[in-house]
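Below: the structure, in structure tokens.
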Amino acid sequence: QVQLIESGGGLVQAGGSLRLSCASSGRTFSSYAMGWFRQAPGKEREFVAGINWSGRTTNYADSVKGRFTISRDNAKNTVYLQVNSLNLEDTAVYYCAGAGNPTDITPRGPWRYWGQGTRVTVSS
């Protein structure tokens with residue numbers, strides 16, 4: 001069983017930055033792709049970014065391209081999401097997800113494992 005635990009969320013002013021982290025339990029972290037999703041109040045959960053098992057291939061939603069960066073450290077079983085130039089529309093609960101295979105990093109997945117989420121609130 002894989003457990004994902006997010007951290008790093010908080011309250012930040014518009015234009016600010018945060019680094020979200022997601023620590024994974026288990027010894028097979030490097031064998032699956034990872035991703036970040038978010039769910040804003042009153043909206044459906046949406047794909048933010050994905051990274052393949054090696055970290056060499058990434059995929060981003062158009063709304064975050066150039067502002068967010070996903071990365072991973074397989075030695076630490078951790079995936080990160082650096083979020084810069086935050087705006088009010090980025091306010092959401094951010095979820096870490098683990099894919100069912102090493103390479104699928106599209107919004108469709110398949111995304112098999114989910115964390116509990118970390119809240120990001122952007123203020124004006």
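The values are calculated or read from the model by the stated rules, or taken from the named source; none is laboratory data. Just so we're clear, the structure is a prediction, and the values are computed from it rather than from any experiment. All Cβ positions, glycine included, derive from the backbone under ideal geometry; neighbour counts span all protein chains shown. Heavy atoms of the whole protein, side chains included, go into the accessibility calculation; ligands, DNA and RNA do not. Shrake-Rupley method; radii C 1.70, N 1.55, O 1.52, S 1.80 Å.
Can you name the residue in the stretch 22-37 that is of a type in the set (S, T, N, Q) and out of contact with any strand residue (DSSP E or B) (no Cβ under 9 Å at 6 or more places or on another chain) and is also most open to solvent (accessible area, probe 1.4 Å) among such residues?
THR28
Name the residues in the stretch 72-109 that are among the small types (Gly, Ala, Ser) and closer than 19 Å to VAL2 by Cα, would you?
Matches in the stretch 72-109: ALA75, ALA97, GLY98, ALA99, GLY100, GLY109.
Among the residues of the stretch 107-124, write down those that are under 23 Å from GLY26 (Cβ atoms) and part of a loop (DSSP other than H, G, I, E, B).
Within the stretch 107-124, GLY109, PRO110, GLY115, GLN116, GLY117 qualify.
Any idea how many residues of the stretch 92-106 are open to solvent by less than 40 Å² (accessible area, probe 1.4 Å) and assigned to a strand (DSSP E or B)?
Residues meeting the conditions: 7.
Those residues that are within 21 Å of GLU44 (Cβ to Cβ) and open to solvent by 20 Å² or more (accessible area, probe 1.4 Å), I need them from the stretch 71-91; list them, please.
ASN87, LEU88, GLU89, THR91
How many of the residues in the stretch 15-42 are of a type in the set (Ser, Thr, Tyr) and either part of a loop (DSSP other than H, G, I, E, B) or on the phi > 0 side of the Ramachandran plot (or both)?
Residues meeting the conditions: 4.
Does the stretch 47-70 contain at least one residue that is open to solvent by less than 40 Å² (accessible area, probe 1.4 Å), part of a strand (DSSP E or B) and more than 20 Å from LEU18 (Cβ to Cβ)?
Checked the stretch 47-70: no residue is open to solvent by less than 40 Å² (accessible area, probe 1.4 Å), part of a strand (DSSP E or B) and more than 20 Å from LEU18 (Cβ to Cβ).
Being farther than 28 Å from SER124 by Cα and either of a type in the set (Lys, Arg) or without any contact (Cβ under 8 Å) to a residue 12 or more places away in the chain (or both) is the requirement here; does ASP73 meet it?
When the stated conditions are applied, ASP73 passes them.
Test SER85 against the stated conditions and say whether it is assigned to a loop (DSSP other than H, G, I, E, B), closer than 19 Å to ARG108 by Cα and of a type in the set (Gly, Ala, Ser).
no
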